[in-house]
1. Of Lys304/Lys353; Lys38/Lys72; Lys17/Lys86, which ones are farther than 21 Å apart at the Cα?
2. What FRET efficiency, computed as 1/(1 + (r/R0)^6) with R0 = 60 Å and r the Cβ-Cβ distance, is obtained for Asn22 and Ser154, rounded to the nearest 0.05?
3. For Lys37, go through the aspartates and glutamates and keep the ones whose alpha-carbon is under 19 Å away, minus same-chain ones fewer than eight residues off.
4. Show me 41-54, 146-159 ranked by packing, highest mean number of other Cβ atoms within 10 Å first.
5. In the structure displayed, which of Lys272/Lys308; Lys70/Lys115; Lys307/Lys355 lie more than 20 Å apart, Cα to Cα?
6. Give a residue-ordered list of calculated ³J(HN,Hα) values for segment 274-280 (Karplus: 6.51 cos²θ - 1.76 cosθ + 1.60, θ = phi - 60°; whole Hz; x for Gly, Pro).
7. Can you compute the modelled spin-label distance between Arg320 and Val55, with each label point 7 Å from Cα toward Cβ, in nm?
8. When the chain is fully extended, how far beyond the present Cα-Cα distance does Ile84 get from Ile140, taking 0.36 nm per residue of separation?
Amino acid sequence: MILIVDDKQENLFSLQKLLQLNDFKVDTALSGEEALKKILKNFYALIILDVQMPVMDGFEVAEAISGYGKSKDIPIIFLSAVKINKTFITKGYDSGGIDYVTKPFDPDVLLLKVKTFYRLSEQRRALNEMQNILKEEIEIRKKAEKDLSDLNHSLEKRVEERTEELFKINKQLEISNDDLQQYASVASHDLKEPLRKIQIYSDKIRRTFLTENAEADEYLQKIIGSSQRMSRLINDLLNYSRLSGEGLYKATDINVILDELIADLEILIAEKNATIHIDRFPEMEVIPGQIRQLFQNILSNALKFSKKEIAPIVNISVSRTAEQELEGYNDENGNFCRISISDNGIGFNEIYKEKIFTMFQRLHSKEAFEGTGIGLAIVKKIVEKHNGIITVGSREGEGTTFILVLPIRQHKPVEEKELSAI
């Protein structure tokens, strides 16, 4: 809106009509005092101010306007029919005016100036609003950054506290784990010693005094068999408990480990007339003793759970892969080793595939097949100890396949000499 200030009504009327015909909203004031009151209440984009007025002339009004914080940037065009020499024009500019128009004036020229200054005023107002918005946005962002910084500081403090707490808990667990392993070692020794005596003396009694008493001999054999199963159970539990300790990895030739293992199983392999095919393994960073235990458990199961009328065939195939996936493309330069161990044994129903890695889980009675139900639990724990994954697939009467994927290199220090957790 434009404010016209003039003490003559006819001047106000003519100028008001000119501007209204050109779509400007117009307000008027007949004196400087009235103009100042209106400026305090309303916003104006432009002021057209007559110089020659009683009480307060245009220069005094302009100086008063420039003292108002709200209106100091409003552009002012002076109009004068009397004070038209350079002295007054200079005073007009010094008072805060942006233009000085003398009467009589060309309506088209005045209108052109009004349009220009009005547009500049609106642009300045929009720019000021944008600056205010930006200032508010900056303040909001500063506050958000401060809040975020305070939150980060709080979180860092909480993380430090939690880390320290976890460190203490971990130390306590390490102490407890060491105590548990020592207890397991002592307990196994204390338990196995009387078992050995039970086995030795039971067998001696059977052979010395019961050769003619078939019923008593049968009872003694059951005692000996039970003590042997308990001895195996103690050994398996001890092996499982030792897996909780920190393993030391070593760059290992697994082919050598398997050659030694096949030699150890030579008698059982010959009894079963078994055939074992083994692919060549790459050098891998493993805990040698644990890897030997892993293959021993799986191979022993393959030989144990074989069909009576069919000779066991076990295939151990090896491939490298870029991703730790149970299925996928082979990559001769991959960072993982995918190992498949398959047999042609009795197999099992796959509804039990998740259970067979559980402690003491048996799918067959101990009368049909010997075992403690811990062997595959040990296998899974060894795989996890090596940051690997394992699964199993099987069909009743068709055999079983274990698939393992192990990293070839571990992200932990590797020992130069072989140290085993088992």
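1. Listed pairs above 21 Å: Lys17/Lys86.
2. So, using R0 = 60 Å, E works out to roughly 0.45.
3. Those aspartates and glutamates meeting the cut-off are Asp6, Asp7, Asp27, Asp50, Asp57, Glu60, Glu63, Asp73.
4. 41-54, 146-159
5. Working: Lys272/Lys308 9 Å; Lys70/Lys115 22 Å; Lys307/Lys355 22 Å.
Check vs 20 Å cut-off fails for Lys70/Lys115; Lys307/Lys355.
6. Going residue by residue, I get 7, 10, 10, 9, 10, 6, 6 Hz, with x marking Gly and Pro.
7. Distance between the two pseudo-spin positions: 10.0 nm.
8. Roughly 15.0 nm would be gained on extension.
Where a number appears in this text, it was derived from the coordinates with a stated rule and is not lab data. Here the structure is a predicted model, which means the values were calculated and not measured. So basically every Cβ, Gly included, is an ideal-geometry build from the backbone, and we count neighbours across all protein chains shown.
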